[in-house]
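Asker: Quick one: this structure, given as structure tokens, is what I'll be asking you about.
The values are calculated or read from the model by the stated rules, or taken from the named source; none is laboratory data. Quantities reported herein were computed from a predicted structural model and do not represent experimental measurements. Note that we place each Cβ from the backbone using ideal geometry, even for glycine, and neighbour counts take in every protein chain shown. Each accessible area value is taken on the protein alone, full model and side chains, heavy atoms only, with ligands, DNA and RNA left out. Shrake-Rupley method; radii C 1.70, N 1.55, O 1.52, S 1.80 Å.
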Amino acid sequence: MPFVSYGVEVDQQQLSEAISYFEFVGGQTEDAIRIGINKTGPKVKTLASREIRGELRLKASYVNGRLSFTRASRSNLSGRISANSRGILLTRFSTNNQINGDKVSWFKPPLNPPNGIRVKVKPKGASQLVKGEPGEIRGKPFYMILPNSRALAIAGRRATVGTREGKLKIFYGPSVSQTFDTLRGTIVPEATNVFQSQLLDAMRFVLAKKFPK
């Protein structure tokens, strides 16, 4: 399953004074950084999930399952948030709750609504009729089951036969990683603040273990 990874840039100048004092009294900077990163990761993952769900009408369990955190170790003092880069089938955003969930196993596609298939990608705003770009498909989109997966998709017959992409167009919504990219300006500064706070707490923890009362 394809993923895209993201790191957090830290303003070392802001932390230099605290780190200098920490090292002066005998603290192990590497241990504090590792603990700080590993405390930060789950918090940033929760933050990213919340922000993404503000843009995509998806359940928390679905988004959380497409975000992962790689913990730091003694040999690798870095942590990464990874986001699934695969596009989300547009059926996930269907206005029909029986279609947009995971509770139904599809053996044949449902009937197409007489007035067309509607989806709602964003939590706020109106639903939209699926119809493709102008001149992209012939006729109305329809439901189909993807081969070898049992996944229900929305498809359309391409207006130009024999194109490189194939005879059918499968409709996808934005991926989790694409949405993360658009929200980086919101997520990364807050993630940096969380890390700095967690690093300071980690330094206090390391010193408390080194110099117990």
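Asker: Which one of these is β-branched (Val, Ile, Thr) and part of a loop (DSSP other than H, G, I, E, B): Ile154, Ile99, Ile187?
Answerer: Of the residues listed, the single one that is β-branched (Val, Ile, Thr) and part of a loop (DSSP other than H, G, I, E, B) is Ile99.
Asker: All but one of (1) over 28 Å from Arg150 (Cβ atoms); (2) touching a helix residue (DSSP H, G or I) at 6+ places or on another chain (Cβ under 9 Å); (3) open to solvent by 10 Å² or more (accessible area, probe 1.4 Å) hold for Pro42, so report the exception by its number.
Answerer: Here Pro42 clears every test but (2).
Asker: Another question about this same structure. Looking at segment 111-127, can you tell me whether even one residue there is within 12 Å of Ile154 (Cα to Cα), within 17 Å of the chain's Cα centre (by Cα) and of a type outside the set (D, E, K, R)?
Answerer: no
Asker: Can you spot a residue in segment 138-145 that is open to solvent by 30 Å² or more (accessible area, probe 1.4 Å) and out of contact with any strand residue (DSSP E or B) (no Cβ under 8 Å at 6 or more places or on another chain)?
Answerer: Checked segment 138-145: no residue is open to solvent by 30 Å² or more (accessible area, probe 1.4 Å) and out of contact with any strand residue (DSSP E or B) (no Cβ under 8 Å at 6 or more places or on another chain).
Asker: Out of segment 140-157, which residues are modelled with pLDDT of 90 or more and either of a type in the set (Val, Ile, Thr) or more than 12 Å from Leu89 (Cα to Cα) (or both)?
Answerer: Result: Lys140, Pro141, Phe142, Ile145, Ile154, Gly156, Arg157.
Asker: For residues that are over 16 Å from Thr192 (Cα atoms), open to solvent by 70 Å² or more (accessible area, probe 1.4 Å) and of a type outside the set (S, T, N, Q), tally how many sit in segment 72-86.
Answerer: So the answer is 2.
Asker: Turning to a different aspect of this structure: Is there a residue being in contact (Cβ under 8 Å) with a residue 12 or more places away in the chain and under 30 Å from Ala32 (Cα atoms) anywhere in segment 114-131?
Answerer: For segment 114-131, residues in contact (Cβ under 8 Å) with a residue 12 or more places away in the chain and under 30 Å from Ala32 (Cα atoms): absent.
Asker: So, one more: Could you please find all residues in segment 39-86 being in contact with a Gly (Cβ under 8 Å, 6 or more places away or on another chain) and in a helix (DSSP H, G or I)?
Answerer: Within segment 39-86, Thr40, Gly41 meet the criteria.
Asker: I need a count of the residues in segment 127-136 that are modelled with pLDDT of 90 or more and either under 15 Å from Ile170 (Cβ atoms) or open to solvent by 50 Å² or more (accessible area, probe 1.4 Å) (or both).
Answerer: 4
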